[in-house]
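The structure appears right after this line, and notes come after that.
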Amino acid sequence: MKKIGLIVNPIAGMGGSVGLKGTDGGIYKKALKLGAKTVTPKRTKELLSYIKNRNEINLVVAPGKMGEAYVREFNIAFKLIGQVPEETSAEDTRRIIGEMLNGGIELLVFVGGDGTARDVYDAVGSKIPVVAVPSGVKVFSSVFAVSARAAAEIVDAFIEGTNLTEEEVLDIDENAFRDNRLASKLYGYLMVPNVKKLLQAGKEASSMGKSSVDSKGEIARYIVENMDKETLCLLGPGTTLKAITDDMGLPKTLLGVDAVYNNRLVGKDLNEKGILRLLKKYKSKKIIVTPIGGNGFIFGRGSKQFTPEVIRLVGRGNIIIVGAYGKVSKLDCLRVDTGDFEIDKLLSGHIKVIVGKKEEMVMEVRC
Amino acid sequence: MLNEIKLNMNEMPYLPPREVIEAAQKGLSNLNRYANPRDLELLRGLLAAYSGVSKKNIILSTGSDPLLREIIHVFSRRRKVIMVNPSFFPTVQCAKEFVTKLIKIQLRPPEFNLDADIITSETNEPSLVIIDNPNNPTGKILIDREMAKTILDNKNTLLVVDEAYHEFSGVTFADMVEEHSNLSVVRTLDKAFGLAGARIGYLIAGEDFLDAFSTFYAFLPQSSLYSAMEAVKDPSYIKKNIKLTIKERERVGKKLKEMGLQVYPSTTNFLLIKSNIPSVARELKDKGILVLDLSNQWLPDYIRVSLGTLKENNIFLSSMKEILRICNKGE
Ligand SMILES: Cc1ncc(COP(=O)(O)O)c(C=O)c1O
């Protein structure tokens, strides 16, 4: 028997049918007024109806429309935990997950969108794996399964035994998204059962042979083998870059910029000032970054430390872009938004991305 | 499953004429024998005439896929290989495994234009450029004659154009092989000729390729050989089937657009469709319709659908409608 937590964000995805994008903050009241219907019940029921190993599960659910309301009609053993008010909020999500963790759940299944994923990340971190059921207006984070049904398959895979992988949680600025601007940055990573073909951005055909973990390792090896000892390497955020420092036996700030020189760490979680200081000190320098999954940003989101000034000093020719093929091939282009039009223009055009030890992709950079 | 509707492999939905099938049956009655080399030579001659090239440039194979693999094996050792992404998947897979350096140019929606400058700047060292033209799965013509000439002017570059769908697009570079020794054109009888089950492909090889293929001799299965000879002897039947397919392509494309789906212009016997429903391929499969889900190889939300018969296409259209209706209700 597996103890599995289920939590539903009842208001996620409500804006869609009435043309609003997302329900963060007070927007959902506007959605209700416009006659929006909840979509999470349908998604949650879909999920539950497709899980095969139901007899292997001890569900722990939140009360009412955060879980309990949908479970009753299915033949699954469950236990209630916590209390929720009439109008639920992110705080309820975080609190109840906390109680579930104390109760010893081994996997958390949640239904919601990018905002919910952030709340889950705040509460879960890397303590246990999660299965993310997409129910938002537009769901960008790669932690999500492609559908409720795929999520059910991932739950089954977890019960039957599978290894884990890290996937991105993105911080989508809903205000910007409402204005048709895509503004997002990396918020963190959640652990998910590694069933690539059922995950949103990690989707990589199994016939391609390698999992994204393997290909990150291969890219890292290639980068380290070709790294010039006399060059300062500024490493941006993300697990792809962490694979590089892992290979070198060095630590990495997952969401920050670190610097290595001659196999040593010479800068940790640097801000612009720190980077500029290093740039003065070293003659030869490179920036290594990876695009954010789903939207392809290489500068301007998630790595604000790489300011226009930093990019100007390093130069376009000294920017190395790396990324697992499974992530990069799913991007229609790379994006930059540094806040400096001239730098954005300089970065625009075609650029090569290292996706394997002998494989590169030519991608267009747009601003 | 017997009742599956196969719209996933870009096959011709119509059987070839009775004579072609009877020719295949004739081949089966000699099952204990290898094909007669004289007949193989005859087929080469027929294909040369059909393509308007000389017979010495024609190399036979069991499907065009083995030809592409052979080219990659032989020519990628001292050359970097340049392809577009997406592209015919088995070729890409083969390149991924064997080449020493692979450059893939990502095609960007909605135009999927291939920028000639990228190829020019990438071919500054010995290169093998492989392009499917029209491209599978976008259905688009990626390079024109001018671009091909520019690429071929660089004698350090070998250009291989995969023309699996040229009968549908009407665009071919076969006539340029004579003049450009560094060009080869790969073709197949599996698509427009409706002979996928016979697996006959052929290479129209430029001079630079011929040596490498001097020992590549395909003893084709007899039934395949005879059906191919019969088909190429009088290829007039493919015209009608192509016309039907194109008519269906335009009709189905229009209907899909009316449903609010994004459909891209195609010069082939398939359509590229963007749906916003990640599970659409799977849901079609549940309804007995097979299509190709591209989210595993390329951008999410794209599927490739081959044109079937009128009846099959109608079932596909009504299934799509149903899936969209249910999805929109939920959102
Ligand atoms: C672009 C392209 N090249 C080659 C092939 C394979 O052709 P054959 O069946 O002759 O191996 C296909 C089949 O789908 C194709 O789409």
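Summary table below
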| quantity | calculated |
| --- | --- |
| Residue list for region B:178-187, restricted to those being away from the ligand (no atom under 15 Å from the Cβ) and either closer than 17 Å to residue B:154 by Cβ or under 19 Å from the mean Cα position of the chain (by Cα) (or both) | B:179, B:180, B:181, B:182, B:183 |
| All helices (runs of 4 or more DSSP H) inside region B:17-108 with 1 or more residues being hydroxyl-bearing (Ser, Thr, Tyr), assigned by TED's automatic domain parsing to the domain that holds residue B:163 and out of contact with any Ser or Thr (no Cβ under 6 Å at 6 or more places or on another chain) | B:37-51, B:89-98 |
| Pairs with Cβ under 6 Å, 6+ apart, first in region B:143-167 and within 20 Å of residue B:10 (Cβ to Cβ) and small (Gly, Ala, Ser), second outside any helix (DSSP H, G or I) and within 16 Å of the ligand (Cβ to nearest atom) | B:164/B:188; B:164/B:191 |
| Among (1) at negative phi; (2) more than 16 Å from the ligand (Cβ to nearest atom); (3) at pLDDT 95 or above, the one test that residue B:28 misses | (3) |
| Filtered residues of region B:95-108 (kept if buried (at least 19 other Cβ atoms within 10 Å of the Cβ) and either facing chain A (nearest Cβ under 7 Å) or farther than 14 Å from residue B:142 by Cα (or both)) | B:95, B:96, B:99, B:102, B:103, B:104, B:105, B:106 |
| Within region B:113-159, considering residues that are assigned to a strand (DSSP E or B) and within 11 Å of the ligand (Cβ to nearest atom), the one surrounded by the fewest Cβ atoms within 10 Å (Cβ to Cβ) | B:131 |
| Residue in region B:258-272 that is surrounded by fewer than 16 Cβ atoms within 10 Å (Cβ to Cβ) and either in the same structural domain as residue B:108 (by TED's automatic domain parsing) or assigned to a helix (DSSP H, G or I) (or both) present | yes |
| Unmet requirement for residue A:323, which otherwise passes all of (1) crowded, with 24+ Cβ neighbours inside 10 Å; (2) facing chain B (nearest Cβ under 10 Å); (3) of a type in the set (Gly, Ala, Ser) | (2) |
| Filter result for residue B:72 (away from the ligand (no atom under 12 Å from the Cβ), at the interface with chain A (Cβ under 8 Å from one of its Cβ atoms) and either modelled with pLDDT of 95 or more or out of contact with any His (no Cβ under 7 Å at 6 or more places or on another chain) (or both)) | no |
| Residue list for region A:348-363, filter: of a type in the set (D, E, K, R) and either touching a helix residue (DSSP H, G or I) at 6+ places or on another chain (Cβ under 6 Å) or more than 7 Å from chain B (Cβ to nearest Cβ) (or both) | A:352, A:357 |
| Check on residue A:303, at pLDDT below 90 and outside the structural domain of residue A:166 (by TED's automatic domain parsing) | yes |
| Any hit, region B:238-252, residues being part of a helix (DSSP H, G or I), at pLDDT 95 or above and polar (S, T, N, Q) | yes |
| Yes/no for residue B:18 being free of Cβ contacts under 8 Å to residues at least 60 places away in the same chain, within 14 Å of chain A (Cβ to nearest Cβ) and more than 13 Å from the ligand (Cβ to nearest atom) | no |
| Filtered residue count, region B:196-234, keeping only those that are among the small types (Gly, Ala, Ser), farther than 30 Å from residue B:126 by Cβ, touching a residue at least 40 places away in the same chain (Cβ under 8 Å) and in a loop (DSSP other than H, G, I, E, B) | 2 |
| Qualifying residue in region B:296-318 (condition: facing chain A (nearest Cβ under 10 Å) and assigned to a helix (DSSP H, G or I)) | yes |
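A quick yes/no check of all residues on (1) over 20 Å from residue B:175 (Cα atoms); (2) within 16 Å of the ligand (Cβ to nearest atom); (3) away from chain A (no Cβ under 14 Å); (4) in contact with a strand residue (DSSP E or B) (Cβ under 9 Å, 6 or more places away or on another chain):
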residue	(1), (2), (3), (4)
B:193	yes, yes, yes, no
B:210	no, no, yes, yes
B:221	yes, yes, yes, no
B:230	yes, no, yes, no
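The values are calculated or read from the model by the stated rules, or taken from the named source; none is laboratory data. This one's a predicted model, so the numbers in the text were calculated from it and none came from an experiment. Every residue, glycine among them, receives a Cβ derived from its backbone with ideal geometry; neighbour counts consider all protein chains shown.
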